Amino acid sequence: MNETFGQRFQRLRKKHNLTQEDVADKVGISSQAVSKWENDLSAPDISILPDLADLFHISLDELLGREVTKTEVLKQDQRKSIDEMLFKVSFDSSEGDSARIKIPVSIIKICLESGVALPTINGKDLNQIDFEKIFALVEQGVIGELISFDSSDGDKVRIVVE
């Protein structure tokens, strides 16, 4: 189920230990307006959105519910097992073709170790990706967006490990 703006806003407000009145005071509106946002009866004015994002220390994309993946290096005790991780590739071509791929990292590792070729999806050959380097990064605790590439002819490629 997708989180509504009101649900997301309330979650963020509570995460930062703020009351509806605290938020209202900080952005110069009424606490009733905040209540209406949280109940999905109305939405904030566009001019207030940057202040709200700043209040919660997040981007506007995150405030509005757009998936944002940051790259980070996790400490040893924070890392997931490779069996729990996903490898995501998104490709959007200038011609309008697109592909979204989610594969468990462990499956890719098994394919590589056994010499099985990975599939071609929408004409894009996954075997062209240097998975050895990606696995080396993952083993060092790097997760998030590893590659973000926009070509001059409009193709966009994103590779994420989470």
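Values in this text are rule-based calculations from the coordinates and carry no lab data. Values in this document were obtained by computation on a predicted structure and should not be read as measured data.
Relative contact order of the stretch 5-63: 36 percent, from C-alpha pairs under 8 Å at least 6 residues apart in sequence. Take the residue pairs Lys70/Lys109; Lys14/Lys36; Lys80/Lys133; Lys15/Lys133; Lys102/Lys133 and return only those whose Cα atoms are more than 25 Å apart. Pairs exceeding the cut-off: Lys15/Lys133. Relative contact order of the stretch 22-162: 23 percent, from C-alpha pairs under 8 Å at least 6 residues apart in sequence. The overall shape of the stretch 5-63 is rounded: from the C-alpha gyration tensor, with semi-axes ordered a ≥ b ≥ c, the ratio a/c is less than 1.5.
Each stretch of four or more DSSP H residues adds -39500 (n - 2.57); spread over every residue of the chain, this sum gives -10000 deg cm²/dmol at 222 nm.
Assign one of three labels to the stretch 72-161, namely rounded, prolate or oblate, based on the Cα gyration tensor with a ≥ b ≥ c the square roots of its eigenvalues; rounded applies when a/c is under 1.5, prolate when it is not and a/b is larger than b/c, and oblate otherwise. Judged from the Cα gyration tensor, the stretch 72-161 comes out oblate (a/c at least 1.5, b/c at or above a/b).
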